[in-house]
Amino acid sequence: MGAPWFQIRHLEEQAGLVALSANFTLYGDMSDRMMSLAAGLGPTQEIYSIESFIGLHGVRGDLVERAWKIRARINQWIGIPCGIGIAPTKTLAKLANHIAKTAERKPGSYPDELATVCDLSRLEPDQLSEIFAVTDVGEVWGIGRQISAQLKERGVQSVQDFVNLSCSVVRGTWGVVLERTWRELRGEPCIELSESIAPKKQIACTRSFGQPITAFTDLREAISEFTTRAAAKLRKQGHLAGQILVFARTSPFRDGPRFSRSVVVPLVRPSADTTELANAAVMGLRSIYAPGFQLAKAGVMLLDLVPDTFVQSTLDWDAPVHDQRDRTKLMKAMDEVNDRFGKRTVLLGSSGLTNGEDSWGMRQVRRTPNYTTSWDDVPTARA
């Protein structure tokens, strides 16, 4: 996991290692398809990274049978296997999902009937205690590495040990957040299902370059393009950014002079205007750039995000009029054109009028086709 390609490249011939470049377009589309199929389990859904919580309130019939049918549909339609955990609370459902996957991958670790689809609500109290007793406390959602170590120092090794603690000890030692986890493990819902996706507090766009770059022009094009993409995400979320962070660095795996610098550029007023954000990013880039380094990665991060209804005035009466123009409609038109005809259909001049990604883009020589989003890449079947 995370090993540089040059360190494991020999395994391609020695062990038949298959290496593929990242294909974010394909990943995103397959994820959307899977979540839409998983939504068939119940009336409400909360997407949580690559997982999904489904509310089952009002669903009648055998939940396990329903889960098996949905899983079979996901496997047949998009070919992605998954585990399903059913329980009265979100924390228990996460634990049930872990048990379902572990029981399938490691036979004997849990009862066979809990493999793949695990419904903890069907178990008797003594059966649930047995499951908890053989499950490491660190597997519980909400108990991180540090808290897990603290619990084990106190002799709390298993989930059952944690559940056996008194509420006052949990709250007094680790606070109300872990108390909610403790209560959820005992079947008391404390964490609501969130159907709306919470807005991001930061929006980043970073990339490793396909080849090292040294010229400021290439670096400026990359930073401008990254800012453009981040700004589009910012507007889609309905927010403005108050600051922008810019960074660039060399590869930690290559010999030669090392470079790693970053700068945070505050804006006069929060903005989602690509031109304002790109100007600030390029200004920050100029302040940290130094020639003579083979830069391997760069990026931007939009900070201090506020809703786009936020209004901030300024006391700078001498500010040029053109800096105060509202380009909201222009940005909306830019987003709509790029969504319809593809990215870089409308772009900033600082992003490079030619395909600048030839010099600074990711190499992706092993990228799989966009099977599900491009007509040219749709696979063909022969009889």
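The values are calculated or read from the model by the stated rules, or taken from the named source; none is laboratory data. These numbers come from a predicted model, not from an experiment. With ideal geometry, Cβ positions are generated from the backbone for all residues, glycine too; neighbour counts draw on all protein chains shown.
Taking the stretch 51-76 as the region of interest, how many residues are among the acidic types (Asp, Glu), outside any helix (DSSP H, G or I) and loosely packed, with under 13 Cβ neighbours inside 10 Å? Residues flagged as among the acidic types (Asp, Glu), outside any helix (DSSP H, G or I) and loosely packed, with under 13 Cβ neighbours inside 10 Å within the stretch 51-76 amount to 1. Selection over the stretch 9-19 of residues that are exposed (fewer than 10 other Cβ atoms within 10 Å of the Cβ) and within 23 Å of Phe209 (Cα to Cα) gives a count of 1.
Kindly indicate whether any position in the stretch 201-208 is out of contact with any Cys (no Cβ under 7 Å at 6 or more places or on another chain), free of Cβ contacts under 8 Å to residues at least 40 places away in the same chain and not in a helix (DSSP H, G or I). Please lay out each step first, then the result.
Initial filter on the stretch 201-208 (out of contact with any Cys (no Cβ under 7 Å at 6 or more places or on another chain)): 201-208.
Now narrow it down to the ones that are free of Cβ contacts under 8 Å to residues at least 40 places away in the same chain: none.
No, the stretch 201-208 contains no residue that is out of contact with any Cys (no Cβ under 7 Å at 6 or more places or on another chain), free of Cβ contacts under 8 Å to residues at least 40 places away in the same chain and not in a helix (DSSP H, G or I).
If the condition is being surrounded by 11 or more Cβ atoms within 10 Å (Cβ to Cβ), at pLDDT 85 or above and more than 19 Å from Ser271 (Cα to Cα), then the stretch 337-349 contributes Val337, Asn338, Asp339, Thr345, Val346. Of note, Leu330 does not satisfy the criterion of being surrounded by 12 or more Cβ atoms within 10 Å (Cβ to Cβ) and modelled with pLDDT of 95 or more. Of all the residues in the stretch 77-98, those that are among the hydrophobic types (A, V, I, L, M, F, W, C) and in a strand (DSSP E or B) number 2.
Of all the numbered requirements in (1) modelled with pLDDT under 95; (2) assigned to a helix (DSSP H, G or I), Glu179 misses one, and that requirement is (1).
Within the stretch 145-152, none of the residues are modelled with pLDDT of 95 or more and in a loop (DSSP other than H, G, I, E, B). A single entry from Glu46, Glu65, Glu13 fulfils the requirement of being closer than 28 Å to Thr373 by Cβ and out of contact with any helix residue (DSSP H, G or I) (no Cβ under 7 Å at 6 or more places or on another chain): Glu46.
The residue of the stretch 111-144 that is nearest to Ala100 (Cα to Cα), among those that are outside any helix (DSSP H, G or I) and not hydrophobic (A, V, I, L, M, F, W, C), is Thr116.
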